[in-house]
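First the structure, in the form of structure tokens, and then the observations on it.
Values in this text are rule-based calculations from the coordinates and carry no lab data. Note that the coordinates shown come from a computational prediction; the quantities given were computed from them, not determined experimentally. For neighbour counting, all protein chains shown are included, and Cβ atoms are generated from backbone atoms with ideal geometry for every residue, glycine included.
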Amino acid sequence: TVNIKINGVDVAAPKGSTILEAARIAHIDIPTLCYLKEINEIGACRICVVEVKGARSLVASCVYPINEGMEVWTNTPKVLDSRKKTLELILSDHDRKCLSCVRSGNCELQKLSKDLKVENESLYDGETNQYEIDYTAAHMYRDNNKCILCRRCSAVCEKVQAVGVIGPNERGFKTTIASAFDMGLGETSCVSCGQCIAVCPTGALSEKDNTDEVFKAIADPTKHVVVQTAPSVRAGLGEPFGLPIGTNVEGKMVAALRRLGFDRVFDTDFAADLTIMEEAHEFLDRVQNGGVLPLITSCSPGWVKYCEHYFPDMTENLSSCKSPQQMFGATTKTYYAEKMGIDPKDIVMVSIMPCTAKKFEVGRDDQDAAGLPDVDIALTVRELARMIERAGINFTSLPDEEFDSPLGMSTGAGVIFGATGGVMEAALRTAVETLTGEELKSLDFKEVRGIEGIKESTYNVAGMDVKVAVASGLKNANELLNKVKSGEAEYHFIEIMGCPGGCVNGGGMPQVPASVRNFNDIRSLRAKVLYDLDSSMPYRKSHENPAIKELYSTYFGKPGSHKAHEVLHTTYVK
Ligand code: HC1
């Protein structure tokens, strides 16, 4: 350890720590704005400055390493004044329409302004930049009038997602974060993952809001409005209502959706089970009949788009299965509509997703089993939270309620889809039992759990060594696929999720401020909710889900049947 003094108090911190990290050990939170651990460590915004004895000027604590005997002050008038000036300068070219801003209440800039006692936000007003809002992408808009040039978005896009479609253009006062040649985001090879939105400290980046359409559909007596909730939603929806990260709010979520007026509250987890039935069948079919291997999962639309843009020669490796979101919509507008005697035209299928790419996915080609879009409206978890607030529903005091049947019934295999490795584990539970005809002794495939970017394992199944790999975050996917292409690595089955850690860390989950993200692993906290649910559920294998069994016996016949292909499978663009 290294011994230093912060504000006159002795602090021992691990070697290699920054002043910011050492201060945290001393229970002092130094404010930051541009800093994001391991993603954006550029020390550029100067909000985190502190005084260091002997240093010629104030130093950026987020990148400044500690050394033995160092003396630091974090709250002197000089420090506080500098931070405040920096903020006032940022505010002088910032669209300050806080009342109507989507981030009002959880904007990092707004909180800093209050904390640092900014009294005159127009102090340095003069010339300002005026930008047109970019609405060209299917899933989001970019409002550079609210951008503070922290570069968290461009760092995550390039370093974590290996996409890199936004970055600084121009210099000095004219600097903007934009695409090459100022193209609209929708014209670039953006994959809609929304990680930029998840890390943006202000209202500069946000999903396109579809909540009004949902309120309208619910109010229309001629419409039967069905809602499905993705696995990860229950692990994040509590956060906007002040509940700790990692709180399971499944029961309250169902209760809230019912009170919003949805006619049926169903669970995407049901369709995750259905996906496993089809995908495990597809895997075994490809292995036994010499199909294209490795088979790669196709439930994450950000990943599918990335594959189409960046690895077009590997689209044949993608599973032809639609994602659970789309399978759910397709099953609702065919099987469920028939069973209930409802014209599919009168069904409005709404999905609640931790994902922004799902907004893009609903508009893809070949996702219309009943001749209508499988899913009509995909909302993020943030949009659902806003609907609940707008409707005056007191979320935290709601009772726990259960999903409707039959499309609300699911297994532990379905719920772990939301964590990286979960789809693989769920598929293995079904594939192994199908292949061996024997019951698995342990259902936990621990080797594919956890937040590492790339995981691999080999399982001996009925005499065959099945090699599997799991990647989350597109930079990791890129690395893994390049190894497969070069022949350096060989697998039979690969799971890829677009967002690092899987859907629990999706671009549509509630934004967590950097002050929390930098010191907590939100991926594991949220994933634990799903694994705990799995281990407590009566059914933990997709093929044992009674509602799935009934769906096959009365409608699809068997996995991979002609009818299943018509409704549940899709095609890709090269
Ligand atoms: Fe996901 Fe999936 S797990 S992609 O992350 O396969 O979004 O949660 O709904 O479709 O089930 C997302 C989550 C989600 C699909 C499932």
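Overview of values
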{"read-out": "Dimensionless Rg ratio for the range 202-258, taking C-alpha atoms and the 2.2 N^0.38 Å reference", "value": "1.36"}
{"read-out": "Per-q log10 I(q)/I(0), the range 269-415, q = 0.09, 0.10, 0.13, 0.18 Å⁻¹ (Debye; single scatterer per alpha-carbon; no solvent)", "value": "-0.34, -0.42, -0.69, -1.20"}
{"read-out": "At 1.002 mPa s and 20 °C, Stokes diffusion of the range 439-509 via Kirkwood alpha-carbon radius, µm² per second", "value": "162 µm²/s"}
{"read-out": "Estimated vicinal HN-Hα couplings, Hz - the range 345-353 in sequence order (Karplus 6.51, -1.76, 1.60; Gly, Pro = x)", "value": "5, 8, 8, 10, 9, 10, 10, 10, 10"}
{"read-out": "Leu123 versus Thr76: modelled label distance in nm, points set 7 Å from Cα along the beta carbon direction", "value": "1.9 nm"}
{"read-out": "Spin-label model distance (nm) - Ala391 vs Asp209, 7 Å beyond Cα toward Cβ", "value": "1.7 nm"}
{"read-out": "Per-peptide average of other Cβ atoms within 10 Å, ordering 411-418, 17-24 highest first", "value": "411-418, 17-24"}
{"read-out": "Förster-model FRET efficiency, 41 Å R0, Ile25 and Lys441, C-beta, rounded to 0.05", "value": "0.40"}
{"read-out": "Of all DSSP beta bridges in the chain, antiparallel share, percent nearest 5", "value": "55 percent"}
{"read-out": "Centroid-to-centroid separation of the range 321-371 and the range 519-574 [C-alpha atoms, Å]", "value": "15 Å"}
{"read-out": "Mean Cα-pair separation over length for the range 1-144, i.e. relative contact order, pairs under 8 Å, 6 or more apart, %", "value": "21 percent"}
{"read-out": "Cα pair distances of the range 453-574 binned at 10 Å [whole percent]", "value": "10, 23, 35, 26, 5, 0"}
{"read-out": "The range 243-328 shape via C-alpha gyration tensor axes, a/c threshold 1.5", "value": "prolate"}
{"read-out": "Options Gln511, Leu480, Tyr459, ranked by Cα towards positive dipole end of the range 454-531, top entry (Cβ charges)", "value": "Gln511"}
{"read-out": "Centre separation in Å (Cα based) which lies between the range 191-231 and the range 114-188", "value": "22 Å"}
{"read-out": "Out-of-range pairs (alpha-carbon distance over 21 Å; input Lys446/Lys467; Lys15/Lys528; Lys114/Lys208)", "value": "Lys15/Lys528; Lys114/Lys208"}
{"read-out": "Amide H contacts of Leu205 (H built 1.01 Å from N, under 5 Å, at least 5 apart or other chain)", "value": "Asp143"}
{"read-out": "Amide H contacts under 5 Å for Ser298, placed H, 5+ residues apart", "value": "Ser319"}
{"read-out": "Using θ = phi - 60° and Karplus 6.51 cos²θ - 1.76 cosθ + 1.60, couplings along the range 383-388 (whole Hz; Gly, Pro as x)", "value": "5, 4, 4, 5, 5, 4"}
{"read-out": "Antiparallel DSSP beta bridges within the range 385-508, as percent of all bridges there, nearest 5", "value": "60 percent"}
{"read-out": "Label-zone membership for the range 243-258, site Lys339, 7 angstrom Cα→C-beta point, backbone N under 11 Å", "value": "none"}
{"read-out": "Estimated FRET transfer efficiency (Asp182, Arg96; beta-carbon r; R0 25 Å; 0.05)", "value": "0.55"}
{"read-out": "Diffusion coefficient, µm² s⁻¹, Stokes-Einstein with Kirkwood Rh over alpha-carbon pairs of the range 1-113 at 37 °C and 0.692 mPa s", "value": "219 µm²/s"}
{"read-out": "Measure of compaction for the range 401-463 (Cα Rg per 2.2 N^0.38 Å)", "value": "1.29"}
{"read-out": "Karplus-derived HN-Hα couplings along the range 167-178 (A = 6.51, B = -1.76, C = 1.60, θ = phi - 60°), whole Hz, x at Gly and Pro", "value": "x, x, 10, 6, 9, x, 4, 8, 4, 9, 8, 7"}
{"read-out": "Computed [θ] at 222 nm, deg cm²/dmol, the chain (DSSP H ≥ 4; -39,500 (n - 2.57); rounded to nearest 500)", "value": "-9000 deg cm²/dmol"}
{"read-out": "Rg(Cα)/(2.2 N^0.38 Å) for the range 340-487, N = residue count", "value": "1.35"}
{"read-out": "Area projected by the alpha carbon convex hull of the chain, averaged over all directions, nm²", "value": "27.9 nm²"}
{"read-out": "Per-peptide average of other Cβ atoms within 10 Å, ordering 3-11, 428-436, 265-273, 214-222 highest first", "value": "265-273, 428-436, 3-11, 214-222"}
{"read-out": "Sites Tyr310 and Gln130, calculated FRET efficiency, Cβ-Cβ separation with R0 41 Å, nearest 0.05", "value": "0.75"}
{"read-out": "Highest to lowest packing among 35-46, 282-293, scored as the average C-beta count within 10 Å", "value": "35-46, 282-293"}
